[in-house]
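Encoded as structure tokens, the structure appears first; notes follow it.
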Amino acid sequence: MAKPLALALSLLLASPALGDLDVSSLIDNPETRALAQDEQRAHAGDPQAQFRLAKRYDSGRGVARSYPEALKWYRLAAEQGHAEAALNVGLMYQEGHGVRRDRAAALRWLQRAAEAGSGDAQYALGLMHYQGDGVPVDYAAAMRWYLKAASRGNAKAMNNLGIMHGLGEGGVEPNDLNAYAWFSLAADRGDGNAATNRDLAAKELSAEKLEVAKQRARSLATELGLN
């Protein structure tokens, strides 16, 4: 149905002329400027900008998602000592994102990130050694990497240390008090699985032993500098 003439005229008068539109506002917004800056700085060799650009390609934020592009920029940042970028390179090799799955390459990059201080990489290495993923099963090595990750506040590593202490793996005797302590630390940092494990472990302890376990958790947090 045709619009009434009066309505059509009012719509025409209310519509801005093309010359009145601020076209720059359509393309020059904060997100667009941030992307342009990251691209410029990344190409100039800034590792932090390279990492940010890689994350964009990894997630598809502001650009078309591309795992190969993400891997390229992560690698460039990692080669300049960016620990989190090295972690992501390792995970991409481990998961086969943007590259053929390669456990040996994953191990190399994760070790590089772990040695640069990435708690997440230390946890990932612990898990690889615990599960025998690309390396022989080695509970002692898993324990060492989990401890390094836990000292950096990694809750998943703390939970797994609780499991290992409960089962007596990695060169330790089974110890429900130590298991509870690790579960408690992980639960305090938001790990839901650890909260479940802590509550299950608590049911196996007498009231007296539970108090000892709670004190052990507090002491452990102090030893790790997590208070």
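Among the residues here, Tyr123 qualifies as closer than 22 Å to Arg103 by Cα and among the aromatic types (Phe, Trp, Tyr). Let me confirm something: among Ala186, Ala207, which residue is without any contact (Cβ under 8 Å) to a residue 40 or more places away in the chain, buried (at least 17 other Cβ atoms within 10 Å of the Cβ) and hydrophobic (A, V, I, L, M, F, W, C)? Just one listed residue meets the conditions, Ala186. For the range 125-142, the set of residues classified as touching a helix residue (DSSP H, G or I) at 6+ places or on another chain (Cβ under 6 Å) and assigned to a helix (DSSP H, G or I) consists of Leu125, Gly126, His129, Tyr130, Ala141, Ala142, listed by residue number.
Of the residues in the range 129-136, not one is outside the structural domain of Leu53 (by TED's automatic domain parsing), surrounded by 21 or more Cβ atoms within 10 Å (Cβ to Cβ), polar (S, T, N, Q) and more than 25 Å from His43 (Cβ to Cβ). In the set (1) under 21 Å from Gln122 (Cβ atoms); (2) part of a helix (DSSP H, G or I), the condition left unmet by Arg218 is number (1).
Out of the range 189-213, which residues are within 11 Å of Leu177 (Cα to Cα), outside any helix (DSSP H, G or I) and either among the acidic types (Asp, Glu) or touching a helix residue (DSSP H, G or I) at 6+ places or on another chain (Cβ under 9 Å) (or both)? Those that are within 11 Å of Leu177 (Cα to Cα), outside any helix (DSSP H, G or I) and either among the acidic types (Asp, Glu) or touching a helix residue (DSSP H, G or I) at 6+ places or on another chain (Cβ under 9 Å) (or both): Glu204, Leu205. Looking only at residues that are among the aliphatic types (A, V, I, L, M), in a helix (DSSP H, G or I) and over 12 Å from the mean Cα position of the chain (by Cα) in the range 90-124, which one is surrounded by the fewest Cβ atoms within 10 Å (Cβ to Cβ)? My answer is Ala104.
Against the numbered list (1) in contact with a Gly (Cβ under 7 Å, 6 or more places away or on another chain); (2) touching a residue at least 24 places away in the same chain (Cβ under 8 Å), Pro174 comes up short only at (2).
When the range 51-74 is limited to residues that are surrounded by 20 or more Cβ atoms within 10 Å (Cβ to Cβ) and either in contact (Cβ under 8 Å) with a residue 24 or more places away in the chain or under 20 Å from Gly117 (Cβ atoms) (or both), the one that is farthest from the chain's Cα centre (by Cα) turns out to be Trp73. The set of residues from the range 189-204 being basic (Lys, Arg) and surrounded by 13 or more Cβ atoms within 10 Å (Cβ to Cβ) comprises Arg189, Arg198. As a summary of the residue check, Gly166 satisfies the conditions (1) among the small types (Gly, Ala, Ser); (2) part of a helix (DSSP H, G or I); (3) under 15 Å from the mean Cα position of the chain (by Cα) except for the one numbered (3).
Residues that are among the hydrophobic types (A, V, I, L, M, F, W, C) and either crowded, with 22+ Cβ neighbours inside 10 Å or modelled with pLDDT under 95 (or both) within the range 156-171 comprise Ala157, Met158, Leu161, Met164, listed in sequence order.
Checked across the range 39-48, the condition of being crowded, with 17+ Cβ neighbours inside 10 Å, in contact with a helix residue (DSSP H, G or I) (Cβ under 7 Å, 6 or more places away or on another chain) and within 27 Å of Asn154 (Cα to Cα) holds for at least one residue.
The values are calculated or read from the model by the stated rules, or taken from the named source; none is laboratory data. All figures in this text were calculated on a predicted structure; none of them were measured in a lab. Heads up, the Cβs are rebuilt from the backbone with ideal geometry, glycines too, and the neighbour counts pull from every protein chain shown.
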